[in-house]
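This report concerns only the one structure given below.
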């Protein structure tokens with residue numbers, strides 16, 4: 001494997017992508033696909049995203065002069081038909097995120113492909129162009145899923161974490177994510193005794209993310225921010241993101257780009273092929289045996 005430094009355009013030292021998973025009700029619908037409970041708490045909490053949080057994130061990016069990558073499940077586009085056209089009109093990227101935010105462990109390849117095709121169709125209809133990228137719900141993939149993306153001509157996937165800059169896996173450009181810079185692991189809180197700990201204070205998260213960004217920047221990598229409108233559309237988290245983006249921009253050496261722009265740069269640059277891997281799954285090891 002090469003140890004060469006990743007090359008960014010325009011002499012930039014690193015890159016930053018602001019991404020949002022516009023899940024809204026979709027994970028709730030998937031979890032309760034067999035029986036919808038007669039309760040409103042979690043559902044209303046998630047509906048804060050399309051009602052309020054998404055608009056705040058859009059204003060945040062507009063104030064900073066940035067465009068983001070927004071991954072929208074098909075059912076969210078169907079239930080909230082105003083979301084995708086508004087994002088597209090503002091120049092943001094629209095990415096595919098399943099239909100019902102299907103968890104990979106719960107579906108087979110045929111079900112995945114059907115959800116993918118339906119999602120691509122509605123997002124293309126609402127935005128005017130086929131999405132270039134896919135992000136798997138819960139950030140899990142299989143070799144068969146990668147093959148399905150490649151067969152449909154998508155430019156990239158954004159679900160895996162094998163590098164902290166773009167690479168290729170089974171011939172598909174991967175624009176990697178990272179749990180460390182996902183808002184849900186710090187702030188998701190449903191109440192009612194379902195949670196094991198309270199949300200993390202935003203100041204702690206800000207310092208953690210800035211620490212990660214500084215090192216990623218020094219190494220010449222990609223800093224991928226992932227937020228959810230129903231989580232990070234709240235006041236204190238908007239303030240956190242405003243401070244974070246301002247410090248990153250102040251360096252003057254960061255390329256702010258959508259995931260699609262990053263993927264297309266990778267494919268046409270000297271980076272292509274230098275960080276290519278296969279999805280080789282190891283064989284079962286079986287019981288350990290003594291040697292000799």
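Each value in this text was obtained by applying a stated rule to the coordinates, not by laboratory testing. A quick note: this is a predicted structure, and the numbers were derived from the prediction, not measured. Counting neighbours? That spans all protein chains shown, and the Cβs are built from the backbone with ideal geometry, glycine included.
Of the residues making up the range 63-87, those that are over 24 Å from residue 114 (Cα atoms), touching a helix residue (DSSP H, G or I) at 6+ places or on another chain (Cβ under 6 Å) and without any contact (Cβ under 8 Å) to a residue 60 or more places away in the chain number 0. Of all residues in the range 192-204, those satisfying the criterion of being at negative phi and in a loop (DSSP other than H, G, I, E, B) are 194, 195, 196, 197, 198, 199, 200, 201. Applying the set (1) buried (at least 20 other Cβ atoms within 10 Å of the Cβ); (2) closer than 21 Å to residue 69 by Cα; (3) touching a helix residue (DSSP H, G or I) at 6+ places or on another chain (Cβ under 6 Å) to residue 202 leaves exactly one unmet item: (2). Every listed requirement among (1) farther than 22 Å from residue 158 by Cα; (2) surrounded by 14 or more Cβ atoms within 10 Å (Cβ to Cβ) is met by residue 38 save one, (2).
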